[in-house]
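Trainee: I have a structure here, written as structure tokens, and I will follow up with some questions on it.
The values are calculated or read from the model by the stated rules, or taken from the named source; none is laboratory data. Keep in mind the model is a prediction, meaning the values are calculated, not measured. Counting neighbours? That spans all protein chains shown, and the Cβs are built from the backbone with ideal geometry, glycine included. Ligands, DNA and RNA are stripped out before the accessible areas are found, and what is left, the full protein with its side chains, is counted by its heavy atoms. Shrake-Rupley method; radii C 1.70, N 1.55, O 1.52, S 1.80 Å.
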Amino acid sequence: MFALSKSVVRVTSFTGKELRELFRRPGVLASLILGPFGIMLAFGLGYTGTRQPFDTEIVIPAGVALPADPAAYQQLGQGRIRVVRVGADAAGPHDRLARKVIDLVVEVPPNAVEELRAGHQTTIKIAWNEVDPVYDQLAQLAVTTLVSALNSEIIRQVAAEGISVAGAKAPVQLSPEVIAAPTTAQVTNVAPSPPAVINFFGPAVFALVLQHLAVTLTALSMVRERLSGQMDLFRVSPVTSTELLLGKYIAFAVLSLAVSGLVAATLVYVLGVPMLAGWLVFVGIVLLLTFAALGVGLLISLVSDSERQAVQLSMLVLLASVFFSGFVLPVEDFIGPVQYLSYVLPVTHGIETLQQAMLRGSVSSTWMLAALAGIGLLLFVATLLRLRRVLRSAD
């Protein structure tokens, strides 16, 4: 019993020591409790839970007596399709579709009226441009809803006044297939690469791993040097804070890029993810993402007062990146203030630009490249100023 009581005393002593260490560092406690709570609160309040309807243009050839007012077609999509324009020229809508200005193009065939009057099914051409497999399925569902609603409307007109399109009646013998489905859809996804799960999420996982690797590698570097007293040596040495910081950036960049090269090679040559824009554009995006991510990690290492807090802040960055970067849910699904948080994260820009470069062959969101460079420069300056302050106070 005496030995057991001594063991209990030792255990409680260590327990008290750890709790005192924890409460003596309020930053650790705040990052441990308030960090995850804040992220979950932002997610709960900011996620709308709804997807925006597909912006759609309808092409109606000249001579087809169908309404030219977009409002006349809004009820057909049941909230999944928003008709933004109705016109006779197909070239403009397809150009806007290729540039992702719109989401769907619906083309009515020039002989649609005659086919329906003759008792034949008419085929409507529908095209979209999606590399995201989730949005590809949503587009197919929207098209199914559209065709179903259109068929229901035609059947309603037939029941009311016989086979009537654009106000003309023609008694014809209808086949059961035409009665059940007067129209069918010929769908085409014009995206440069197929909307496969590995193709779409491969670049996203790569960007997330690259940022987390860079942040984790650098988050502990300055903390260990501050706690071990090496900062005192740096303060009295001829090395400047700029030289010290550049050395850190180069060292960890080389390691991060080496690992990234292996992962990228696996992604392309083993998993078969397309590289449509070429390796030069890909490397440029990776360099910008690495530069920004290293800035996040080095800033964490300079504001943390212990290794524990540095690890916690690194994990908070990872948690926020998973929730808000577009990795799981599109950024557009969040309200405006939360979207601002998303665009502060380097990985948000990395995911989008890598997907565009690899799956579409070019980066249309060039502002994201500028944002990555800007975030990296701001973090470099902030880290440099913090490092100078740390070196001045290291007595």
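Trainee: Which length gain, in nm to one decimal place, applies between residue 240 and residue 186 when the Cα-Cα distance is subtracted from 0.36 nm times their residue separation?
Mentor: Contour length minus the Cα-Cα distance gives 12.8 nm.
Trainee: Heads up, I need the accessible area for residue 188: 1.4 angstrom probe, whole protein in place, Å², nearest 10.
Mentor: Using a 1.4 Å probe on the heavy atoms, I get roughly 60 Å².
Trainee: Here is a further query. Compute the distance in nm between two label points, each set 7 Å from the Cα along the Cα-to-Cβ direction, one at residue 205 and one at residue 71.
Mentor: 4.9 nm
Trainee: Using packing as a proxy for protection, rank 202-215, 288-301 so that the peptide with the highest average count of other Cβ atoms within 10 Å comes first.
Mentor: 288-301, 202-215
Trainee: Same structure again: So what does residue 69 come to for accessible area, using a 1.4 Å probe and Å² rounded to 10?
Mentor: Roughly 90 Å² of residue 69 is accessible to a 1.4 Å probe.
Trainee: Semi-axes, largest first, in whole Å: what does sqrt of 5 times each Cα gyration tensor eigenvalue give for segment 323-395?
Mentor: 31, 16, 9
Trainee: I'd like the accessible area for residue 39, computed on protein heavy atoms only with a 1.4 Å probe and all protein chains in place. Round to 10 Å², please.
Mentor: Number for this one is 20 Å².
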